[in-house]
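Accompanying notes for the structure given below.
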Amino acid sequence: MGNTLGEIATILIQKDAQCHWCGSRFDLCSINCYPHKDGIEVEGYTTKQWVYLRCMKCGYDWALWKLLAQIKERK
């Protein structure tokens, strides 16, 4: 089974994921999800979930895959 939403958010925060549009950093309250066939397994959910983080400053929703690509680009 996958990680919890909190664990996913913590990993992204530790890797310094941030909003590409306004530069704001995310916090644990930023993470959300909804059922989606192309999502990932998340502990506590019975179906795959589309995981995203909402920027609390500008309101943009960042899909998990976009944030992971952002982190990978910086390496």
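Within the range 27-42, how many residues are at pLDDT 95 or above, assigned to a loop (DSSP other than H, G, I, E, B) and out of contact with any Gly (no Cβ under 6 Å at 6 or more places or on another chain)? Show your work before the answer.
Applying the first criterion (at pLDDT 95 or above) to the range 27-42 yields 31-42.
Those left that are additionally assigned to a loop (DSSP other than H, G, I, E, B): 41-42.
If we keep only those that are out of contact with any Gly (no Cβ under 6 Å at 6 or more places or on another chain) too, we end up with none.
Count: 0.
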Review point. Is it the case that some residue within the range 61-74 is part of a loop (DSSP other than H, G, I, E, B), surrounded by fewer than 13 Cβ atoms within 10 Å (Cβ to Cβ) and either at pLDDT 95 or above or out of contact with any Ser or Thr (no Cβ under 7 Å at 6 or more places or on another chain) (or both)?
Key: no
Practice item. Of the conditions (1) over 21 Å from Lys72 (Cα atoms); (2) buried (at least 16 other Cβ atoms within 10 Å of the Cβ); (3) of a type outside the set (Val, Ile, Thr), Ala9 clears all except one; give me its number. Key: (1)
Point to revise | Leading residue by the ranking (nearest to Trp62 (Cα to Cα)) among those in the range 31-45 that are of a type in the set (D, E, K, R) and surrounded by 12 or more Cβ atoms within 10 Å (Cβ to Cβ) | key: Glu41
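The values are calculated or read from the model by the stated rules, or taken from the named source; none is laboratory data. These numbers come from a predicted model, not from an experiment. We place every Cβ from the backbone using ideal geometry, glycine too, and count neighbours over all the protein chains shown.
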